[in-house]
Structure formats: structure tokens, C-alpha cells
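Visitor: One structure, as C-alpha cells, below. Some questions next.
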Amino acid sequence: MPSFFLFYLTNQHFYAILTYMRITIKCRLNPDNRQAKILNKTLSQCLEALNYISKIAWDNRCFNRVALHHLTYYKTKSKFKFSSQICCAIKDKVAFSYKSNRKKQHIFKNPVLPLNFTRTISFKGLDIVSISTLKDRQKIALILGDYQKQMLAKAIKFCDSELIKQNKKFYLNIVIEIPDEPLKEAKDV
């Protein structure tokens, strides 16, 4: 979703539009054995929490983020022992899932941990990421290719991200905003 900014010059009607686009960068994590166990436990608890909140939302026909927060926050926090920020991120993921389809109850099958930059995830350089889990924050090594390094270096803003597991490997889907390439003037039309 591009963001637009308009700049006007004085005494003229000339303006420039700067646009930004959001892209998702998939980065592989390299946790040690202890961290892998913690991430597995966190993801399994998160899947349970997603389905728990989804059932409450469906049973009460409550799909608004704020109303769902009041309905589920304390129950979720005490039952699953997540930090406040993770509880809110999980609840928001459920609420957003019901925005597009409210015809049936949503059942989450793949574990995913929604993360908010600075609150539940932060970078320590380009090779270490700090992630909130059930067992405090974990500093985990990132495996980045040239493309990921290039895109992360271009990032103007880090948006929300997700921790996922595929084929026994952990990944971060990092959403960033980067500037659009400048428009080129056409010479032959």
C-alpha cells in the first residue's frame, strides 16, 4: 500500500509525489537447540491462543479490535502467559481475519506469532534479531542473503512482522516500506 506525500513550490503549481511501497522479506532464523524449543513452545501456544480468541469472537459475534480486546485480554493473558504486547497482537490478528469473512468461524491451522517492531521484535545489527517469546526475549541469529540485506538496507520503516515455521525451519516475514523507483520519462510514445 503506497503512501503519498505532496510537495508544492511557491508561486508555481509544480508538485512532486513521493511514493513508498510495502514489501515482505522472508528471512531465515538460526536458533540454537534451546531457542528452537522456546520458539516451538511459543508458536504452539500462539496457535492455541488464536483459536481460543477466534472461538470467543465467533460465539459473541464480536469482530471489532477494541471490543474483542475488552472481551478476551485478561482471559488470554492468564491462560497462555504471554506478554501484554503479544496478547494484543494475537487478538488483532484474529480481528483482522474476520474483516474479510464473517460467514463462519475461523480456525487457524498454521502457527504464527505476530510481532510489532520495537515492542516485540528489534534488530541488533543486521545479523541478530531480538524476539519476545514465552521465555523472555531471545536474541537469535539471522541468515540473510544478498537480496534480504539489500532490501533491509533500503528500508525507510519497519512494519509488523510474523514468526512462522516451515519444514522444521523458523522464518521471519518482515514487512518494510521502501521508496518506489523514480518514474522514467518516456521518449517514444
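The values are calculated or read from the model by the stated rules, or taken from the named source; none is laboratory data. Remember, predicted model here, so these are calculated numbers, not experimental data. Here the Cβ is made from the backbone with ideal geometry for all residues, glycine too, and neighbour counts use every protein chain on show. We work out accessible area using only protein heavy atoms, side chains counted, and drop any ligands, DNA or RNA first. Shrake-Rupley method; radii C 1.70, N 1.55, O 1.52, S 1.80 Å.
Visitor: Among the β-branched types (Val, Ile, Thr), surrounded by fewer than 18 Cβ atoms within 10 Å (Cβ to Cβ) and in a helix (DSSP H, G or I) - does that describe any residue in segment 101-123?
Guide: No.
Visitor: Whether any residue in segment 152-160 is over 24 Å from Arg28 (Cα atoms) and open to solvent by 30 Å² or more (accessible area, probe 1.4 Å) is what I want to check.
Guide: At the first step, the residues of segment 152-160 found to be over 24 Å from Arg28 (Cα atoms) are none.
No, segment 152-160 contains no residue that is over 24 Å from Arg28 (Cα atoms) and open to solvent by 30 Å² or more (accessible area, probe 1.4 Å).
Visitor: Restricting to segment 128-149, give me the number of residues that are in a strand (DSSP E or B) and open to solvent by 30 Å² or more (accessible area, probe 1.4 Å). Give the steps one after another, and end with the answer.
Guide: Restricting attention to segment 128-149, the residues satisfying the condition of being in a strand (DSSP E or B) are 128-133, 136-143.
Remaining after also requiring open to solvent by 30 Å² or more (accessible area, probe 1.4 Å): 128, 136-137, 139, 141, 143.
Within segment 128-149, residues that are in a strand (DSSP E or B) and open to solvent by 30 Å² or more (accessible area, probe 1.4 Å) number 6.
Visitor: Do you know which residues across segment 48-96 are assigned to a loop (DSSP other than H, G, I, E, B) and more than 21 Å from Thr133 (Cα to Cα)? Working first, answer last.
Guide: Taking segment 48-96 first, the residues assigned to a loop (DSSP other than H, G, I, E, B) are 61-64, 81-83.
Within segment 48-96, Arg61, Cys62, Phe63, Asn64 qualify.
Visitor: What number goes with the only condition from (1) open to solvent by 30 Å² or more (accessible area, probe 1.4 Å); (2) in contact (Cβ under 8 Å) with a residue 40 or more places away in the chain; (3) among the hydrophobic types (A, V, I, L, M, F, W, C) that Ile90 does not pass?
Guide: (1)
Visitor: Now for a different question. Please go through segment 66-87 and pick out each residue that is out of contact with any Ser or Thr (no Cβ under 9 Å at 6 or more places or on another chain) and either of a type in the set (Phe, Trp, Tyr) or surrounded by fewer than 16 Cβ atoms within 10 Å (Cβ to Cβ) (or both). First the steps, then the outcome.
Guide: Step one: filter segment 66-87 for residues out of contact with any Ser or Thr (no Cβ under 9 Å at 6 or more places or on another chain), giving 66-72, 74-76, 78-81, 84.
If the condition is that a residue be out of contact with any Ser or Thr (no Cβ under 9 Å at 6 or more places or on another chain) and either of a type in the set (Phe, Trp, Tyr) or surrounded by fewer than 16 Cβ atoms within 10 Å (Cβ to Cβ) (or both), then Val66, Ala67, His70, Tyr74, Lys75, Ser78, Lys79, Phe80, Lys81, Ser84 are the ones that fit.
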